[in-house]
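Just below is one structure, and these are the notes that go with it.
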């Protein structure tokens, strides 16, 4: 990365009258009254006026300060920041897709509908579920949709119920989704192995519990091996088993939530199925269900009749729409391209390599960084700063120092059941060389913690900006530029 | 190091009994675990709480945590200073960083809480 001297805001390099594009002189009579009665936007005061060179250099410099999956390793545990294959982008940018209008008549978009239906079927096959809605626009949106389906079922059967059970090793969005859906959340504590305690669950499960929301593998990367027994306990009291499928890249092609008696799950196309994530989104969080919940799926549902696809809105038990139009169509295409490119064997290999890579890191750093749970883990592993704490160094200092090594830090301070957590998920897209770079950096940081802790506490030293004041940023955020008088 | 005149919960709240009333806050251990506190969500005065019910939430740069009521009672005052200066909890968790004042419903519930020495022993067991 190039070290850039302080790059001003584009507003600050503006000078009046400058433009990037020079239009030819007007050679026809001016028509001033052409827009009479048409609302015209007023000039925006302080709108930057810069030359083409200035615009290009400004944004190129900003892009060089950024860190992205095309630049390097991004081990954000539970966020699955894997590489986004370029062929996906190529497919999604084909003009036959980008030019098709969402309100085009069904007979003109048969191909699009067929692709969506194909993706639904493939997701059913991968998850072992019966039906899928592609509408939700993100993982948490999928969670909410899933919970709404559960609520709709219970309501239709006389009692929406009151509670949703969530283990303390679940994804952080789960309690929020259940709460927004009108449920009161009861937390279940993890056992020493970092998994759900079947006894605890049996004690709290009753006829007022609408569902159990399980993240499997959970945020420690541990597979809930009692999942079938857990499902039986929940089902015996008429509850549903919701699975947060955000960690599906640990399971895909190897085992299926549907076979684990899961009733509803959401997937993150922008994680497991390699579509862009975060700022590169948008996200897509399809929800897969068993037959029992199918009548409640959002409308429209894509159906096929006499070789023609159509959108069915006539579903009286449906929870209604959860997204305008049909979800993020171009993102679905990218995921479909990925699944078809990998094929069944490739999907399995994706999960195997994701698990292998994570365990390679775990084994290489074991003993140097503290592991609270020694239970075997799948696609991610959670270390803590316990050993480095002896030198006054915290997980934050370790994360900041990683920036100096040109690496993105892992997820920090989550899950909450591990104090000073460093949650590492390499994903399958990293080469041995990249994994080794990370491991060597982590080992070097541990040595620095012992020899020169101050170096870590004041890190990063080599980045464009030094350590930011997170407290100030949270308490007094400056969200937009304002002209200084 | 933990004041003798306070009672403590396993979830790291403290309770200071003053006649029929009590003041509630979070412990020094809790504020250290949370890190720099940036926001405190306070309840309405008049809210009736049962023991273990959520009083409000404390948000730090790292996480958001619920604060539970150590005993049942009615909220009669909240520490409105915390809306402007939530870091009072970091600076003085057992004093100026208090969160709410309750009118205690059933004083016998206090017997369920830990004394300073027991809490310190409990913390030793928690050290990861």
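The values are calculated or read from the model by the stated rules, or taken from the named source; none is laboratory data. Owing to the predicted nature of the structure, the values given are computational and were not obtained by experimental measurement. When we count neighbours, we look across all protein chains shown, and the Cβ atoms used for this are built from the backbone with ideal geometry, even at glycine.
Provide a single number: the residues in the range A:178-191 that are within 27 Å of residue A:374 (Cα to Cα) and in contact (Cβ under 8 Å) with a residue 12 or more places away in the chain.
Adding up the residues that qualify gives 5.
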### Message
Just checking, does the range A:20-37 include any residue being in a helix (DSSP H, G or I), out of contact with any helix residue (DSSP H, G or I) (no Cβ under 6 Å at 6 or more places or on another chain) and modelled with pLDDT of 90 or more?
### Response
no
### Query
How many of the residues making up the range A:368-387 are within 21 Å of the chain's Cα centre (by Cα) and either away from every other protein chain (no Cβ under 14 Å) or surrounded by fewer than 24 Cβ atoms within 10 Å (Cβ to Cβ) (or both)?
5
### Query
Exactly one of (1) out of contact with any strand residue (DSSP E or B) (no Cβ under 6 Å at 6 or more places or on another chain); (2) under 19 Å from residue A:281 (Cβ atoms) is unmet by residue A:73. Its number?
(2)
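Within 14 Å of chain B (Cβ to nearest Cβ) and free of Cβ contacts under 8 Å to residues at least 12 places away in the same chain: which single residue out of A:470, A:482, A:440 fits that description? Break it down stepwise before answering.
Values: A:482 fails: within 14 Å of chain B (Cβ to nearest Cβ); A:440 fails: within 14 Å of chain B (Cβ to nearest Cβ).
It is A:470.
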### Query
Which strands (runs of 3 or more DSSP E) does the range A:112-222 wholly contain that include 3 or more residues that are over 30 Å from residue A:340 (Cβ atoms)?
A:163-167, A:184-188, A:209-215
### Task
Filter the range A:401-416 down to the residues that are under 19 Å from residue A:469 (Cβ atoms) and within 13 Å of chain B (Cβ to nearest Cβ), then identify the one that is surrounded by the most Cβ atoms within 10 Å (Cβ to Cβ).
A:413
### Query
Does the range A:368-382 contain any residue that is over 22 Å from residue A:216 (Cβ atoms), without any contact (Cβ under 8 Å) to a residue 40 or more places away in the chain and either outside the structural domain of residue A:145 (by TED's automatic domain parsing) or touching a helix residue (DSSP H, G or I) at 6+ places or on another chain (Cβ under 6 Å) (or both)?
yes
### Summary
Exactly one of A:422, A:365 is at pLDDT 95 or above, away from chain B (no Cβ under 14 Å) and surrounded by 20 or more Cβ atoms within 10 Å (Cβ to Cβ), and that residue is A:365
### Message
Can you pull out every residue in the range A:398-412 that is in contact with a strand residue (DSSP E or B) (Cβ under 7 Å, 6 or more places away or on another chain) and under 15 Å from residue A:458 (Cβ atoms)?
### Response
A:398, A:399
